[in-house]
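Everything below concerns the one structure shown next.
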Amino acid sequence: MAIFNAKNRIIECKIVYYGPGRGGKTTNLEYIHKAFTKQRAGEMVSIDTQGDRTLFFDFLPMGLGKIRGCDVKVQLYTVPGQVKYASTRKMVLKGVDAVVFVADSLEIRRKANMLSLRDLQQNLAEQKKSIFKIPLVLQYNKRDLAEQDMPIVPLNVMERDLNSKLKVPSFPASALRGTGVGATLKACLKLTLHHLQKELKWAG
Amino acid sequence: MSGQEYIKSLIKEAELYQSQGLLAQSKDTYLKVLAFVKKSPNFRNHKKLEGAIADRIRGLEEGLVGVNRPALVPDLDPEVQNLIKNLFSFSEDQNTAAMEGAMALARFGQYERALEEFRKLLKRGILPLAAAKNILRCHLALSSPNDAIDQYERWVSGNQLSKQQLEKIRDFLQGLLERKGIKASLPAVDEPGPPEALNRGKEGDVLDISSVGIRLSEGPRKGKMVEFDVTFQSGDVISVVVSADEKELLEALKENVVLPDMQFYSPIAIFKGRGVVSGKTKIRSGPKQGDYMLDIKIESG
């Protein structure tokens with residue numbers, strides 16, 4: 001539900017970081033907040049976290065400057081990943097324009113990734129949106145744990161588990177180190193802007 | 001891999017899961033260690049190791065109790081509350097957006113502030129039925145059923161809400177209280193005031209209409225009264241949203257169809273009248289995308 005203010009030529013869109021609990025969604029936003037200082041349009045707001053678990057959502061406003069004569073503003077959100085916060089996830093997902101799905105590479109989280117992706121599909125469907133049509137990027141986070149000999153799922157298996165039908169751009173990442181975070185966001189922004197161009201018939 | 005190395009690698013794994021906040025997975029891994037140690041009584045220091053692992057499991061179990069306990073929602077700063085209110089009001093129509101913002105505050109547990117917002121909406125006659133119901137919900141969420149009952153009683157003795165609205169609110173509150181196991185005898189709603197005062201406010205102005213009943217004159221629900229909340233009003237034209245799923249209703253409410261039997265509910269009155277469907281537009285964006293916005297011109301009241 002991007003907002004296009006034709007008079008002032010401002011486009012505002014909403015990107016939601018989705019995925020299983022403890023997968024690194026907040027860490028993604030924290031890194032973006034730290035690294036993309038020029039694009040920052042305000043401080044990151046973490047609304048009510050319990051310890052380091054997100055209960056409500058995180059919010060980071062960004063400004064991408066002028067694109068085709070329009071001022072493009074992006075709002076990044078995270079959802080709480082824990083299963084019990086289903087209604088908050090639905091609420092945060094309302095009016096979403098694009099999704100970054102942050103999957104956890106740890107082998108023990110394989111099922112949690114798949115369940116969370118299905119949850120995303122259902123919640124989008126409730127908004128009459130299709131997971132196959134919305135701009136979507138997958139991120140396979142915590143790849144760095146392989147260096148500590150932790151059992152992680154190989155990339156080709158993650159692709160098979162999560163992306164065999166979706167066939168969307170995917171990126172290995174370590175949100176803690178920042179590896180792959182920028183590439184994920186850029187790919188998502190590219191898809192989003194392309195999608196909005198078509199939706200809003202927005203040309204320069 | 002020797003037994004010692006195996007245990008070391010499992011412990012490392014469990015520690016990492018714990019550091020990642022994956023407490024259940026960490027506990028499962030420690031349980032594997034414990035099972036292995038128990039099966040190996042000849043293992044050096046096995047009693048000491050068993051005790052240490054059991055301690056860690058206990059610590060994790062305590063942590064899990066905390067994680068699984070319903071979170072206590074604190075009162076957030078007014079700035080953050082404003083942010084929530086703004087971020088979660090999507091509609092272009094200002095009144096509907098204000099309602100969405102207030103509801104978001106309630107959903108994020110900011111009941112006191114939400115109450116304030118719902119009261120403002122009710123005072124301004126914006127979606128009064130929804131505002132009133134949410135005020136009661138907030139009172140109950142704040143564990144103040146008596147406040148909810150007092151509030152209802154004040155509405156009954158005042159003139160903010162119409163008789164029909166009060167009846168709906170009474171049923172609604174009764175239901176809420178019953179679900180909480182509270183027995184309360186809510187006062188019945190008295191008759192509304194004299195009808196001549198009902199349909200007009202200041203000379204020439206149509207009162208703010210919060211909801212509308214339309215008696216259908218065709219289709220399978222012929223003769224039935226269907227009610228809608230009014231989402232927007234401009235003079236004598238009101239707009240209501242009809243879900244795309246209500247195909248028969250949409251068919252019956254075609255453009256230019258005359259609606260001879262209508263009831264208009266405003267915060268201070270109810271009046272009967274007739275109207276005509278002056279427009280029907282498919283909603284292209286937002287949460288109600290795909291549904292229809294029906295404009296109804298009030299012809300007489």
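Of the helices (runs of 4 or more DSSP H) lying entirely inside region B:75-182, those containing at least 3 residues that are within 14 Å of chain A (Cβ to nearest Cβ) and crowded, with 22+ Cβ neighbours inside 10 Å are B:78-87, B:94-107.
Tallying residues that are in a helix (DSSP H, G or I) and within 14 Å of the chain's Cα centre (by Cα) within region A:90-112 yields 2.
The single condition among (1) surrounded by fewer than 17 Cβ atoms within 10 Å (Cβ to Cβ); (2) modelled with pLDDT of 80 or more; (3) more than 24 Å from B:Leu294 (Cα to Cα) that B:Ala197 does not meet is (2). If you go through region B:259-293 and keep only what is at pLDDT 85 or above and out of contact with any Gly (no Cβ under 7 Å at 6 or more places or on another chain), you end up with B:Pro260, B:Asp261, B:Arg274, B:Gly275, B:Val276, B:Val277.
Among the aromatic types (Phe, Trp, Tyr), crowded, with 18+ Cβ neighbours inside 10 Å, under 23 Å from B:Phe108 (Cβ atoms) and modelled with pLDDT of 95 or more - does that describe any residue in region A:73-92?
Filtering region A:73-92 for residues among the aromatic types (Phe, Trp, Tyr) gives A:77, A:85.
So of that shortlist, the ones also crowded, with 18+ Cβ neighbours inside 10 Å come out as A:77, A:85.
Restricting the remaining residues to those that are under 23 Å from B:Phe108 (Cβ atoms) gives A:77, A:85.
Those left that are additionally modelled with pLDDT of 95 or more: A:77.
Scanning region A:73-92 turns up at least one residue that is among the aromatic types (Phe, Trp, Tyr), crowded, with 18+ Cβ neighbours inside 10 Å, under 23 Å from B:Phe108 (Cβ atoms) and modelled with pLDDT of 95 or more.
For B:Thr96, the conditions (1) within 23 Å of A:Gly81 (Cα to Cα); (2) of a type in the set (Ser, Thr, Tyr); (3) touching a strand residue (DSSP E or B) at 6+ places or on another chain (Cβ under 7 Å) are fulfilled apart from (1).
How many of the residues making up region B:27-74 are among the acidic types (Asp, Glu) and touching a Lys or Arg at 6+ places or on another chain (Cβ under 8 Å)?
Step one: of region B:27-74, the residues among the acidic types (Asp, Glu) are B:28, B:50, B:55, B:61-62.
Adding the requirement that they be touching a Lys or Arg at 6+ places or on another chain (Cβ under 8 Å) leaves B:50, B:61.
The total comes to 2.
The residues of region B:51-74 that are open to solvent by 100 Å² or more (accessible area, probe 1.4 Å) and not in a helix (DSSP H, G or I), listed by number, are B:Arg69, B:Pro70, B:Leu72.
No other residue among A:Leu55, A:Leu60 is facing another protein chain (nearest Cβ under 10 Å), open to solvent by less than 10 Å² (accessible area, probe 1.4 Å) and not in a helix (DSSP H, G or I) apart from A:Leu55.
Do you know which of the residues in region A:85-107 that are at the interface with another protein chain (Cβ under 8 Å from one of its Cβ atoms) and either touching a Phe, Trp or Tyr at 6+ places or on another chain (Cβ under 7 Å) or not hydrophobic (A, V, I, L, M, F, W, C) (or both) is nearest to A:Lys190 (Cα to Cα)? If you could, list the steps in order and put the result at the bottom.
Narrowing region A:85-107 to residues at the interface with another protein chain (Cβ under 8 Å from one of its Cβ atoms): A:87-88, A:91, A:94-95, A:106.
Subsequent filtering for residues that are either touching a Phe, Trp or Tyr at 6+ places or on another chain (Cβ under 7 Å) or not hydrophobic (A, V, I, L, M, F, W, C) (or both) retains A:87-88, A:91, A:94-95.
Details: A:Ser87: 29, A:Thr88: 27, A:Met91: 25, A:Lys94: 21, A:Gly95: 19 Å.
Only one residue fits best here, namely A:Gly95.
Only one of B:Ser40, B:Ser91 is in contact (Cβ under 8 Å) with a residue 40 or more places away in the chain and farther than 30 Å from A:Ala103 by Cβ; which?
Details: B:Ser40 fails: in contact (Cβ under 8 Å) with a residue 40 or more places away in the chain.
B:Ser91 is the lone residue from the list that is in contact (Cβ under 8 Å) with a residue 40 or more places away in the chain and farther than 30 Å from A:Ala103 by Cβ.
Consider region A:23-43 and keep the residues that are touching a Gly at 6+ places or on another chain (Cβ under 8 Å) and buried (at least 24 other Cβ atoms within 10 Å of the Cβ). The one that is farthest from the other protein chains (Cβ to nearest Cβ) is A:Lys25. Mind checking whether some residue in region A:145-167 is surrounded by 14 or more Cβ atoms within 10 Å (Cβ to Cβ) and within 13 Å of the chain's Cα centre (by Cα)? Checked against the condition, which is being surrounded by 14 or more Cβ atoms within 10 Å (Cβ to Cβ) and within 13 Å of the chain's Cα centre (by Cα), region A:145-167 yields no hits at all.
Here's the yes/no breakdown for (1) basic (Lys, Arg); (2) within 19 Å of B:Ser211 (Cβ to Cβ); (3) modelled with pLDDT of 95 or more:
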residue	(1), (2), (3)
B:Ala98	no, yes, no
B:Met103	no, yes, no
B:Phe118	no, yes, yes
B:Pro128	no, yes, no
B:Lys133	yes, yes, no
B:Cys138	no, no, no
B:Ala141	no, no, no
B:Pro145	no, no, no
B:Val156	no, yes, no
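Starting from residues that are open to solvent by 30 Å² or more (accessible area, probe 1.4 Å) and either over 24 Å from A:Tyr31 (Cβ atoms) or not in a helix (DSSP H, G or I) (or both), keep the ones in region A:132-144 and report whichever is nearest to the other protein chains (Cβ to nearest Cβ). Of everything passing the filter in region A:132-144, A:Lys133 is nearest to the other protein chains (Cβ to nearest Cβ).
The values are calculated or read from the model by the stated rules, or taken from the named source; none is laboratory data. Given the structure is predicted, the values throughout are model-derived calculations rather than measurements. All Cβ positions, glycine included, derive from the backbone under ideal geometry; neighbour counts span all protein chains shown. We work out accessible area using only protein heavy atoms, side chains counted, and drop any ligands, DNA or RNA first. Shrake-Rupley method; radii C 1.70, N 1.55, O 1.52, S 1.80 Å.
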